[in-house]
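Engineer: My structure is below; once you've seen it, I'll send some questions.
Just so you know, all these numbers are worked out from the coordinates, no wet-lab data involved. Small disclaimer: the values here were computed from a predicted structure and weren't measured. Glycine also receives a Cβ, built like all others from the backbone with ideal geometry; neighbour counts cover every protein chain displayed.
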Amino acid sequence: MYTGDPISIPDLSLPQFVLEDAYARGDKPALIDGPTGRVLTYAQLAGGVERVAAGLAARGFSRGDVFGILSPNLPEFPVAFHGALRAGGVATTMNPISSVDELTHQLSDSKARYLLTVPPFLDKAREAADRAGVEEVFVFGEAEGATPFSALLAEAGDPPDTSDLDPSTALAALPYSSGTTGLPKGVMLTHRNLVANVIQVQAVDDGTADDVLIAVLPFFHIYGMTILVNAALNTGQTVVTMPRFDLGQFLQLMQDHAVTKAFLVPPILVALAKHPMVDDYDLSALVRIVSGAAPLGEELAAAVHQRLGCEVKQGFGMTEASPVTHFVPASRTPWTKYGSIGSVVPGVDAKLMDVDTGEEVAEGEPGELWVRGPNVMAGYLGNPEATDRTLDDDGWLHTGDVAVVDADGDFTIVDRVKELIKYKGYQVPPAELEALLLSHDGIDDAAVIPVPDEEAGEIPKAYVVLKPGHDLSADDVMAWTAERVAPYKKLRGVEFIDEIPKSASGKILRRVLVERDRAE
């Protein structure tokens with residue numbers, strides 16, 4: 001077992017903790033809207049949170065009620081999020097690309113009373129809200145059929161007294177798991193879970209009030225929520241928001257605001273490594289990129305480091321752990337273990353368990369990663385069966401990810417348990433083949449799935465996105481790969497595709513590709 005250093009967790013609600021110094025920071029920019037340059041100061045952020053809480057309380061929103069947020073990244077997102085929590089409620093954050101059916105499921109399952117969105121999403125938000133019995137829909141700005149968010153900010157009363165709220169049991173956030181298998185599940189995260197994870201991240205990160213972050217990770221996802229909203233704002237950093245990813249705008253904002261740290265996902269690093277546009281911008285202020293949410297290939301990380309000259313590290317986590325469990329400390333520099341997610345963060349225990357025997361494996365041997373700590377969820381909302389499958393009686397969260405650990409206590413993710421391809425009894429990790437394919441100069445993106453085979457059981461098939469101007473055949477890709485892997489790992493099929501389907505957090509949606517393959 002690997003144990004992180006002990007931590008001390010204050011007995012505070014998440015808004016109390018995150019915004020404890022906000023008024024003192026006054027006119028310092030807390031959030032800047034990238035496309036318009038609009039600034040929200042720390043004093044405005046703190047005041048807005050109080051007014052939203054008062055506005056919600058005046059409408060009868062009370063302890064434990066759920067407030068849904070369906071919005072891209074905007075400076076007002078944290079105001080709404082923390083305002084709902086300050087009122088004693090719970091925020092359930094929603095993926096803007098969700099279908100009406102998916103939104104209806106989340107709103108119904110969470111029993112959300114209110115929903116906040118933006119005008120472009122109002123039609124589907126309204127339909128989902130009506131189906132789920134949501135009482136009122138709010139909108140940033142103005143749009144017919146919804147109450148302006150400004151109506152909450154206009155409340156002249158006081159926010160409710162939540163001083164008796166117990167951070168260890170009261171829910172703060174209810175994000176939904178990615179749903180790569182089955183319906184998405186509500187992940188119950190308490191105030192203490194989220195406060196603990198901010199402290200855990202800050203213990204190994206070196207963020208200060210002088211840092212400027214680029215917020216391209218969605219705030220609705222736990223990665224963006226913890227790193228770019230809670231940790232960044234607690235530390236006094238300035239966060240530049242982007243409502244959606246556009247490479248040109250991303251690079252322009254990085255240059256214009258002299259961004260110092262970038263928390264990203266592997267698909268963006270692919271662009272940073274390979275796109276010629278990157279050379280047109282001055283990114284010299286960038287000190288570090290941290291990648292998460294999906295495995296980062298060693299070659300890709302090295303290519304970004306070589307091109308930009310900044311540190312490239314990665315961490316690991318999952319929604320059920322608030323999310324960070326592993327992180328490469330800022331103090332470990334220069335860092336060359338590009339494939340590693342680093343060591344456990346303070347307060348976390350971790351061990352690797354043999355997927356067949358259930359016994360703890362030796363150093364250097366692959367095993368399923370189990371983690372335990374104050375950041376681990378209370379369980380899945382209304383789903384004790386799923387909770388029992390993931391969280392055992394001793395508090396161990398079974399991540400479903402296969403990892404190895406070296407003599408330094410640094411972990412490397414190999415793959416997910418249920419995504420291992422079984423070829424003639426051999427285990428073939430899709431992520432290993434994907435990382436290899438991404439190192440090819442002619443390939444922009446790739447995903448590998450298992451395909452049933454009568455003789456072998458399963459064979460690996462790749463879906464490949466070619467770089468413009470490159471003309472490769474399926475045989476070319478298979479031959480190139482075969483030269484670089486063990487025979488049992490060779491690709492047995494390649495299909496070219498325009499885009500790899502991924503969740504908002506950057507995870508490959510393999511089920512979509514499996515369904516596509518079955519339909520062909």
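Engineer: In the structure displayed, which of Lys313/Lys467; Lys351/Lys507; Lys313/Lys502; Lys418/Lys467; Lys124/Lys467; Lys337/Lys507 lie more than 28 Å apart, Cα to Cα?
Structural biologist: Cα-Cα > 28 Å for Lys418/Lys467; Lys124/Lys467; rest within.
Engineer: A further question follows. So, in nm, how far is label Val512 from label Phe496 when the simple model puts each one 7 Å beyond its Cα toward the Cβ?
Structural biologist: The modelled label-to-label distance comes out at 2.1 nm.
Engineer: Using only Cα atoms and rounding to the nearest 10 degrees, what angle (0 to 90) does helix 510-519 make with the longest principal axis of the chain?
Structural biologist: Relative to the chain, helix 510-519 is tipped by roughly 60 degrees.
Engineer: Then there is this: Given 0.36 nm per residue, what is the gain on full extension from Tyr488 to Asp388 after removing their alpha carbon distance, in nm?
Structural biologist: On the way: separation 100, 0.36 × 100 = 36.00 nm, distance 3.52 nm.
Full-extension gain reported as 32.5 nm.
Engineer: Let me ask something else. Given charges of +1 on the Cβ of Lys and Arg and -1 on the Cβ of Asp and Glu, with all other atoms neutral, how large is the dipole of the chain about its Cα centre, in debye to the nearest 20?
Structural biologist: Working: 41 positive and 75 negative charges, 129 e Å.
So the dipole magnitude of the chain works out to roughly 620 debye.
Engineer: Summarise the long-distance tail of P(r) for the chain by giving the % of C-alpha pairs beyond 33 Å.
Structural biologist: When every Cα pair of the chain is considered, 39 percent fall beyond 33 Å.
Engineer: Here is a further query. Only helical DSSP H runs with n ≥ 4 go in: add -39500 (n - 2.57) per run for the chain, normalise by residue count and round the 222 nm mean residue ellipticity to 500 deg cm²/dmol. Let's see the in-between values first.
Structural biologist: Numbers: 16 runs with 145 residues, N = 520.
Calculated from helices alone, the mean residue ellipticity at 222 nm is -8000 deg cm²/dmol.
Engineer: Rounded to the nearest 10 degrees, what's the angle between the helix 77-86 long axis and the longest principal axis of the chain, both from Cα atoms, 0 to 90?
Structural biologist: 60
Engineer: Right, next: Between Glu365 and Val39, what length comes free when the chain is fully extended (0.36 nm per residue of separation minus the Cα-Cα distance, one decimal in nm)?
Structural biologist: Values: separation 326, 0.36 × 326 = 117.36 nm, distance 4.98 nm.
Going from the current span to full extension adds 112.4 nm.
Engineer: Something else now. For the range 356-398, what is the largest minus smallest coordinate of the Cα atoms on each principal axis, given in angstrom and ordered from greatest to least?
Structural biologist: Computed over the Cα atoms, the extents are 37, 23, 14 Å.
Engineer: Which residues' amide hydrogens lie under 5 Å from the amide hydrogen of Ala173, considering only partners 5 or more residues apart or on another chain, with H built in the peptide plane?
Structural biologist: For Ala173, the qualifying residues are Ala91, Leu189.
Engineer: Sort 1-13, 318-330 by the packing proxy (mean of other Cβ within 10 Å over each peptide's residues), most packed first. Intermediate values should be presented prior to the final figure.
Structural biologist: Details: 1-13: 14.7, 318-330: 25.4.
Top of the packing list down: 318-330, 1-13.
Engineer: Hey, what do the phi angles of the range 229-244 turn into as Karplus ³J(HN,Hα) couplings, whole Hz, using 6.51/-1.76/1.60 and θ = phi - 60°, x for Gly and Pro?
Structural biologist: Using θ = phi - 60°, the values come out as 9, 6, 5, 5, 6, 5, 7, x, 6, 9, 10, 9, 8, 10, x, 7 Hz.
Engineer: Compare the peptides 427-435, 100-108 by average per-residue count of other Cβ atoms within 10 angstrom and give them in order, highest first. All intermediate terms of the calculation are to be shown ahead of the outcome.
Structural biologist: Working: 427-435: 21.4, 100-108: 19.7.
Descending mean neighbour count gives 427-435, 100-108.
Engineer: Can you give me the angle between helix 42-58 and the longest principal axis of the chain, using Cα atoms only, in degrees from 0 to 90, rounded to the nearest 10?
Structural biologist: 70
Engineer: Using 1/(1 + (r/R0)^6) with R0 = 45 angstrom and r between the beta carbons of Val465 and Asp166, what's the FRET efficiency to the nearest 0.05?
Structural biologist: Values: r = 49 Å, r/R0 = 1.08.
With R0 = 45 Å, the Cβ-Cβ based efficiency is 0.40.
Engineer: How many nm separate the modelled label positions at Ser473 and Ala209, each set 7 Å beyond the Cα in the direction of the Cβ?
Structural biologist: With each label placed 7 Å out from Cα toward Cβ, I get 6.4 nm.
Engineer: Determine the dipole magnitude for the range 80-223: charges of +1 sit on the beta-carbon of Lys and Arg, -1 on that of Asp and Glu, nothing else is charged, the reference point is the Cα centre, and the result goes in debye to the nearest 20.
Structural biologist: Numbers: 8 positive and 19 negative charges, 89 e Å.
For the range 80-223, the charge dipole is close to 420 debye.
Engineer: Of the DSSP beta bridges with both residues in the range 164-293, give the percent that are antiparallel, rounding to the nearest 5.
Structural biologist: Beta bridges within the range 164-293, antiparallel portion: roughly 25 percent.
Engineer: If I model a spin label as a point 7 Å beyond the Cα along the Cα-Cβ vector, how far apart are those points for Ser150 and Asp256 in nm?
Structural biologist: 2.4
Engineer: Sequence gap at least 6, Cα distance under 8 Å: using those rules, report the relative contact order of the chain to the nearest whole percent. All intermediate terms of the calculation are to be shown ahead of the outcome.
Structural biologist: Working: 1151 pairs, mean separation 64.6, N = 520.
Worked out over the chain, it gives 12 percent.
Engineer: Say the dipole of the chain comes from +1 at the beta carbon of Lys and Arg and -1 at that of Asp and Glu; which of Tyr426, Gly48, Phe67 then lies farthest toward its positive end?
Structural biologist: Gly48
Engineer: Please work out the Cα center distance from the range 320-385 to the range 40-118, rounded to the nearest Å.
Structural biologist: 30
Engineer: Which of the lysines could a cross-linker span from Lys424 if the Cα-Cα distance has to be under 26 Å and same-chain partners fewer than 8 positions apart are dropped?
Structural biologist: Lys461, Lys489, Lys490
Engineer: Based on Cβ point charges of +1 for Lys and Arg and -1 for Asp and Glu, what charge dipole magnitude is obtained for the range 343-411 about its Cα centre, in debye rounded to the nearest 20?
Structural biologist: Numbers: 3 positive and 17 negative charges, 82 e Å.
Computed charge dipole of the range 343-411: roughly 400 debye.
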